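Structure record follows, encoded as structure tokens.
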Amino acid sequence: MFNFYWGILFVLVNFVFFLLCYRQFGKAGMYAWIGVMTVLANIQVTKTIEMFTIVMTLGNTANATLFLTTDLLNEKYGPKEARRAVWFGFFTLIMTTVLMQLVLVFEPQGDLTMQHAMESIFGLMPRIAIGSLTAYFISQFLDVKLFSIIKQKFDKPNQLWIRSNVSTGLSQLADSFVFCFIAFAFVFPWDVWFEIFITTYVIKLIVSIASTPFLYWARNIRTREW
């Protein structure tokens with residue numbers, strides 16, 4: 001049960017930092033959040049944990065806050081700003097991936113402990129890296145588009161939860177499917193692949209639903225725009 005209770009605290013800490021980032025830095029802070037979390041999500045996903053006898057990877061909370069960020073930008077500043085943030089995150093992820101692959105090529109001096117540690121984190125198989133980039137690109141732009149479409153019908157301030165949860169739920173379904181298919185299809189038996197896909201999606205969805213009150217809170221925050 002330790003991982004469960006620690007996971008709740010972990011999720012809350014992520015949401016609190018999200019609110020602080022928006023409160024202190026406004027729209028610019030949300031761009032920074034997108035950049036940082038796209039990288040952290042891909043680092044955290046290299047660690048597996050067990051919760052309720054289910055083995056899962058970390059990174060789901062960071063991934064959920066990406067959708068939270070684009071929904072907030074879409075709600076307060078419009079779809080154009082949300083799309084710009086998605087492009088910024090995509091650029092950040094490609095830049096980090098390329099630069100760290102170049103770093104790993106350097107011949108290390110002395111103790112190889114740090115080299116091995118960096119390889120275990122950043123030396124991802126091309127298939128995993130491609131899956132992550134493709135899933136991010138498709139799901140984030142899909143989320144922005146769906147949020148805007150749903151807002152045309154459910155445009156009242158108190159209907160933000162509908163706009164956010166429906167768009168995020170569908171987008172994360174695409175995110176989980178694309179990533180799992182590219183990364184794990186034909187690697188595991190299809191029943192195992194399906195279990196990985198379902199558990200990944202369910203965890204992301206639960207975290208996203210839990211973030212709804214924080215989205216309302218963030219919308220009402222008076223920010224310091226930079």
- Item | P(r), alpha carbons of segment 166-217 - 10 Å bins starting at zero, rounded % | 25, 45, 21, 8, 1
- Task: Using just the helices of the chain, give the 222 nm mean residue ellipticity in deg cm²/dmol: DSSP H runs with n ≥ 4 each add -39,500 (n - 2.57), and the total is spread over all residues, rounded to 500.
- Result: -28000 deg cm²/dmol
- Listed residue (Leu93, Gln140, Met118) projecting farthest to the positive dipole end of the chain, Cβ model: Gln140
- Item | Mean Cα-pair separation over length for the chain, i.e. relative contact order, pairs under 8 Å, 6 or more apart, % | 28 percent
- Message: Within the chain, what whole-number % of the accessible surface is contributed by carbon and sulfur, with the 1.4 Å probe and all protein chains included in the calculation?
- Response: 72 percent
- Message: What whole-number distance in Å separates the alpha-carbon centres of segment 102-144 and segment 176-203?
- Response: 19 Å
- Once both axes come from the Cα atoms, what is the angle between helix 60-77 and the longest principal axis of the chain, in degrees from 0 to 90, rounded to 10? 30 degrees
- Taking the convex hull of the alpha-carbon atoms of the chain and averaging its shadow over every direction gives an area in square nanometres of 13.8 nm²
- Note on the structure: With T = 10 °C, eta = 1.306 mPa s and Kirkwood Rh from C-alpha pairs, the Stokes-Einstein D of segment 15-97 in µm²/s is about 119 µm²/s
- Gyration tensor verdict on segment 19-150 (Cα atoms; rounded if a/c is under 1.5, prolate if a/b is larger than b/c, oblate otherwise): prolate
- Query: With +1 on each Lys and Arg Cβ and -1 on each Asp and Glu Cβ, how big is the dipole of segment 10-121 about its Cα centre, in debye rounded to the nearest 20?
  - Reply: 580 debye
- Message: Could you put Leu99, Leu73 in order of accessible surface area, largest first, with the 1.4 Å probe and the full protein assembly present?
- Response: Leu99, Leu73
- With charges only on Cβ, +1 for K and R and -1 for D and E, what is the dipole size of the chain about its Cα centre, in debye, rounded to 20? 1120 debye
- With the other protein chains left in place, how much accessible area per residue, in square angstrom, belongs to the chain at a 1.4 angstrom probe? 55 Å²
- Message: Could you tell me the extents of segment 88-199's C-alpha atoms along the three principal axes, largest first, rounded to whole Å?
- Response: 62, 35, 18
- Note on the structure: Descending accessible area (1.4 Å probe), largest on the left, turns Glu75, Glu119 into Glu119, Glu75
- Note on the structure: Per GNM of the chain with C-alpha springs under 10 angstrom, the most fluctuating residue out of Thr69, Thr53, Thr96 is Thr53
- Message: Using the crude model of +1 on Lys and Arg Cβ and -1 on Asp and Glu Cβ, and no other charge, please compute the dipole size for segment 127-184 relative to its Cα centre, in debye to 20.
- Response: 160 debye
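The values are calculated or read from the model by the stated rules, or taken from the named source; none is laboratory data. Just so we're clear, the structure is a prediction, and the values are computed from it rather than from any experiment. Positions of Cβ are backbone-derived with ideal geometry, glycine not excepted, and every protein chain shown enters the neighbour counts. For accessibility, only protein heavy atoms count, side chains too; no ligands or nucleic acids. Shrake-Rupley method; radii C 1.70, N 1.55, O 1.52, S 1.80 Å.
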